[in-house]
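K.L.:
I am attaching a structure below and will ask some questions about it afterwards.
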Amino acid sequence: MTEQKSPLAVVPEETPGHGLLKGKKVVVTAAAGTGIGFSAARRAALEGADVLVSDFHERRMNEARDALAAEFPDQQIESLTCNVQSTADVDALIAGAAEKLGRIDVLINNAGLGGETELVDMTDEDWDRVLDITLNGTFRATRAALRYFRDAEHNGVIVNNASVLGWRAQRAQAHYAAAKAGVMALTRCSAIEGADYGVRINAIAPSIARHKFLEKSASAELLDELAAKEAFGRAADVWEVAAAIAMLASDYTTYLTGEVVSISSQRA
């Protein structure tokens, strides 16, 4: 018997902007390339925000900035390089973004690193690199942003990019899953402290959103298999994930903090 395809198996057209972030100043880490970071930066601009994109790879970052500036000529689009493995870089990013944009309203922590490695074959270096970029990088940026919001006495929002692997088991993903589970815990705990400074902190947990960068770090066979397990029979488009980030960054979620929102149609 042939399994019936879901009516939602086709990616819908991107929802137009509705001014959810109009007048806001948004900073996005790891925003170069074709992944969730760039899509989140583009969605923020689509919703009316001025945006600063950051990335470790300067050329790709500048290409992302130029693409956004061309699409949104009436908004301020800036860029700053940052290696989230460096406390000095992260602190300079937050200070520089506040200077370039005039202030910061939203920080989107997107930087992360994955890969497929069986635990028995994993080196200390494999483990440390994934944890340092994905978890420690989010910690460094959250810490710097909280200090900024505290000292500026200015309310703000932080949205972290976690993953359903923070909850679910998947072979050869021990380092990445541990890091993303850490991002979830960091989100919950930092949100309690952030409330003291008028800062809301939430996270998204996508299941699978296919893009060129992801296809470099995981096999096509695995990605096809994961997509097939989704209730819709497909992976998310990056804009669908970015739209959820924009919602969490907006005033539509003013009574939501310390939460992790699953962006997933995967069957239990």
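K.L.:
Non-local amide H neighbours of Ser265 (under 5 Å, H modeled in plane, Pro and chain starts lacking H): which ones?
P.N.:
Amide H neighbours of Ser265, under 5 Å, 5+ apart: Ala231.
K.L.:
How charged is the neighbourhood of Thr87? Take every other residue with its Cβ under 11 Å from the Cβ of Thr87, and add Lys/Arg as +1 and Asp/Glu as -1.
P.N.:
Net of charged neighbours comes to 0.
K.L.:
Any chance you could give the angle, 0 to 90 degrees and rounded to 10, that helix 58-71 forms with the longest Cα principal axis of the chain?
P.N.:
Between the helix axis and the principal axis of the chain, the angle is about 80 degrees.
K.L.:
Enter the angle in degrees (range 0 to 90, nearest 10) between the Cα long axis of helix 220-229 and the first principal axis of the Cα atoms of the chain, meaning the one along which they spread out most.
P.N.:
On a 0 to 90 degree scale, this one is about 90.
K.L.:
Is the shape of the range 55-158 best called rounded, prolate or oblate, per the rule: a/c under 1.5 gives rounded, else a/b larger than b/c gives prolate, else oblate, with a ≥ b ≥ c the square roots of the Cα gyration tensor eigenvalues? Write out the running numbers ahead of the final one.
P.N.:
Working: a/c = 2.69, a/b = 1.49, b/c = 1.80.
Oblate, since a/c reaches 1.5 and b/c is not below a/b.
K.L.:
Report, to the nearest 10°, how far helix 137-152 tilts away from the longest principal axis of the Cα atoms in the chain, using its own Cα long axis and a range of 0 to 90°.
P.N.:
30
K.L.:
Okay, moving on. Any idea of the accessible area per residue across the chain, 1.4 Å probe, to the nearest Å²?
P.N.:
Values: 13000 Å² over 268 residues.
In whole numbers, the chain has 49 Å² accessible per residue.
K.L.:
Same structure again: Once every DSSP H run of n ≥ 4 in the chain is given -39500 (n - 2.57) and the sum is divided by its residues, what mean residue ellipticity at 222 nm do you get, rounded to the nearest 500 deg cm²/dmol?
P.N.:
Working: 9 runs with 113 residues, N = 268.
The helix-only estimate for the chain comes to -13000 deg cm²/dmol at 222 nm.
K.L.:
A follow-up question, please. I want the antiparallel fraction of DSSP beta bridges within the chain, as a percent rounded to 5.
P.N.:
On the way: 1 of 28 bridges.
Roughly 5 percent of the beta bridges in the chain run antiparallel, per DSSP.
K.L.:
Oh, and also: Tell me the carbon and sulfur percent of the accessible area for the chain, rounded to whole percent, probe radius 1.4 Å.
P.N.:
Details: 6700 of 13000 Å².
Of all accessible area on the chain, carbon and sulfur atoms account for 52 percent.
K.L.:
Along Cα→Cβ, 7 Å out, is where each label goes; now give me the distance between the ones at His18 and Arg150 in nm to one decimal.
P.N.:
Simple spin-label model gives 3.6 nm for this pair.
The values are calculated or read from the model by the stated rules, or taken from the named source; none is laboratory data. Treat the numbers as computed from the prediction; the structure is a model and nothing was measured. Note: ideal-geometry Cβ built from the backbone for every residue, glycine included; neighbour counts use all protein chains shown. Accessible surface is based on the protein model in full, side chains and every heavy atom, while ligands, DNA and RNA are left aside. Shrake-Rupley method; radii C 1.70, N 1.55, O 1.52, S 1.80 Å.
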